[in-house]
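Here the structure comes first, spelled out in structure tokens, and everything after it is commentary.
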Amino acid sequence: MAIKNSLTKAAFAEFIATALFVWIGCGSALATNKWGSVTSGGDLLTIAVAFGFAISLLAYSIGHISGGHINPAVSFALLILGEIDAKTMVCYILAQFGGAVSGALILWGCVASLTQACDDYDDPSSVPVCAASAFPGGRDGYGPPFRLGVNSLAPRVELGSGFLIELMGTYLLVFTVCMSAVHKKSSAGNAAPIAIGWAVMTAHIVMVPFTGCGINPARSFGPMAANSIGGVNTWSTGWWIFYVAPFVGAGLAAMTYRLIFAEDGKEDDDVEKELSSPLTEDEESLAASIFNSAFAEDEEEDDKTKERKIPESHREV
């Protein structure tokens, strides 16, 4: 029997979609074998396209169930705009974080065998997956392969720069969501998920070499939690950026939309409300009185016309 509670159903949709998003996006990062040291445009574009297409197809998949947020920052922005209530936001965010961890663990299970043969090499550090997955600090053993595409600041990226990069990427995403999917006059219609996917894709093209492109606290948390389970501490310097900057960027984008661009849609809603609002009892009585008076005058005029009309039998031949 299908779940009948709409909020529960929507939360499950967000859980599943976020799990699939992490599996697809971070999986593409592992597939390139270049995560953290992207050296070619092809690798970068592969990762960006995977993340962008994943958001687009998953938004189409669950949009009619939950709205297709798949990102706590998006849910937060829609709360600011009054599109959802606080209870819904909390349920969505919990589902998104849980889904991200599940997706990361599933991805780990899919690629766990990549490091099993590392000890068979004379120099494991010469093998990319072994070098990228070895426990830090000289400890023996290996963690999740390629750290499951975890977000981290590049060596020469300072905290302030990383924060601003993540803020701007999230701003781009949420601004696109507001203008294409929320605005009443948007011409995107059913194509809104495509525009949103493009926003994610372009953000990754710019940001992957610097921060790995988080712009989604759940996406960042999933691989970090899975690495912690695997014995690897990825909560390094600047980890908090991936949980603060997206919410700040989302809030700024939501306020930009609300203060500048949402006015036209609001005016249209007000006009529509005025045109469709029911009449009060006094207005109905007045309208009925005017109608009855006009109808009575028409009947009186018709009666006078009939009185003036000469009967057919009295006409002269």
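Just so it is clear, none of the values below were taken in a lab; they were calculated from the coordinates. Computed from a prediction, not measured in an experiment: that's the story for all the values here. All Cβ positions, even for glycine, are placed from backbone atoms using ideal geometry, and neighbour counts span all protein chains on display.
R0 = 51 Å: FRET efficiency of T202 with S285, Cβ-based, nearest 0.05?
The computed FRET efficiency comes out at 0.25.
With charges set only on the Cβ (+1 for Lys and Arg, -1 for Asp and Glu), what does the dipole of the range 116-249 come to about its Cα centre, in debye to the nearest 20?
820 debye
Go through I3, L30, T18 and say which Cα lies farthest out towards the positive end of the charge dipole of the range 1-121; charges sit on Cβ, +1 for Lys and Arg, -1 for Asp and Glu.
Result: I3, furthest along the dipole toward the positive end.
Sort the range 39-79 into rounded, prolate or oblate with this rule: let a ≥ b ≥ c be the square roots of the eigenvalues of the Cα gyration tensor; rounded if a/c is under 1.5, and if a/c is not under 1.5, prolate when a/b is larger than b/c, oblate otherwise.
oblate
Rank I215, G149, T237 by how far each Cα sits towards the positive end of the charge dipole of the range 113-247 (+1 on Lys, Arg Cβ; -1 on Asp, Glu Cβ) and give me just the farthest.
Farthest along the dipole direction, towards plus: I215.
Just subtract the alpha-carbon distance of S61 and R139 from 0.36 nm times their residue separation and send over the number in nm, one decimal.
Roughly 23.7 nm would be gained on extension.
Which shape class applies to the range 1-127: rounded if a/c is under 1.5, otherwise prolate when a/b exceeds b/c and oblate if not, where a ≥ b ≥ c are the square roots of the Cα gyration tensor eigenvalues?
It comes out prolate by the Cα gyration axes.
Between K9 and V244, what length in nm is gained on full extension when 0.36 nm per residue of separation is reduced by their alpha carbon distance?
Stretched fully, the K9-V244 segment lengthens by 81.8 nm.
Just rank D120, D43, fewest to most, by other beta-carbon atoms within 10 angstrom.
Ordered by Cβ neighbours within 10 Å, fewest first: D120, D43.
Rounded, prolate or oblate: which fits the range 184-259, taking a ≥ b ≥ c as square roots of the Cα gyration tensor eigenvalues, rounded meaning a/c under 1.5, else prolate when a/b beats b/c?
It is prolate, given that a/c is not under 1.5 and a/b is the larger ratio.
For a quick protection proxy, order the peptides 196-203, 69-76 by their average other-Cβ count within 10 Å, most packed first.
Order by mean packing, descending: 69-76, 196-203.
Between T256 and N233, what FRET efficiency comes out of the Förster formula 1/(1 + (r/R0)^6) with R0 = 30 Å and r the beta carbon distance, rounded to 0.05?
Once rounded, the FRET efficiency stands at 0.20.
Give me C118, C213 ranked fewest to most by other Cβ atoms within 10 Å of their Cβ, as a rough exposure proxy.
With the fewest neighbours first, C118, C213 line up as C118, C213.
What order do you get for V127, V174, V182 when you list them from fewest to most C-beta neighbours inside 10 Å?
Placing the least packed residue first, the sequence is V127, V182, V174.
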